[in-house]
Amino acid sequence: MTGDEEQRYVVIKGRRWRATDPAIPEDVAAELRRALMAARRDVGAALRADRDPKPARTRVQAAKVALGERGVPWWEQTLEQRRERWERGLREFRAGVPPVR
């Protein structure tokens, strides 16, 4: 990988994944990661309880988008667009509003 690609991606168990947007302040990124982990736990709980996991998967997607790991690549966005993406994600999770994506 080139220098730019090293910042854009992480490799886990041989698979390349998009990295979290490095411009996100650490306290914000930590809060979004907690929301992501909670949503992932809810997916598993729904599957174990034979319930529809779609609402929890929607929250997983929203957290990943807010972190810059999905959606428009963060390196193709302006800093203002990036800030709006993670701030919108925080507002949605703090309000408990299921995001529409």
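Determine whether Asp27 is part of a helix (DSSP H, G or I), within 22 Å of Trp86 (Cα to Cα) and either in contact with a Gly (Cβ under 8 Å, 6 or more places away or on another chain) or at pLDDT 95 or above (or both). Yes; evaluated as a whole, the condition is true for this residue. The condition of being over 18 Å from Gly68 (Cα atoms) and exposed (fewer than 14 other Cβ atoms within 10 Å of the Cβ) holds for Asp52.
Based on what the data block shows, is Leu32 touching a Gly at 6+ places or on another chain (Cβ under 8 Å) and surrounded by 11 or more Cβ atoms within 10 Å (Cβ to Cβ)? Considered against the rule, which asks whether it is touching a Gly at 6+ places or on another chain (Cβ under 8 Å) and surrounded by 11 or more Cβ atoms within 10 Å (Cβ to Cβ), Leu32 comes out as yes. Filter region 85-101 down to residues that are more than 12 Å from Val65 (Cβ to Cβ) and outside any helix (DSSP H, G or I) and give me whichever is modelled with the highest pLDDT. Ranking the qualifying residues of region 85-101, first place goes to Gly96. Select from region 59-84 the residues that are of a type in the set (Val, Ile, Thr) and in a helix (DSSP H, G or I) and write down the one among them that is nearest to Ala35 (Cα to Cα). The qualifying residue nearest to Ala35 (Cα to Cα) is Val60.
The values are calculated or read from the model by the stated rules, or taken from the named source; none is laboratory data. Note that this is a predicted model, so its numbers are computed, not measured. Cβ sites come from the backbone with ideal geometry, for glycine too, and all protein chains shown count toward neighbours.
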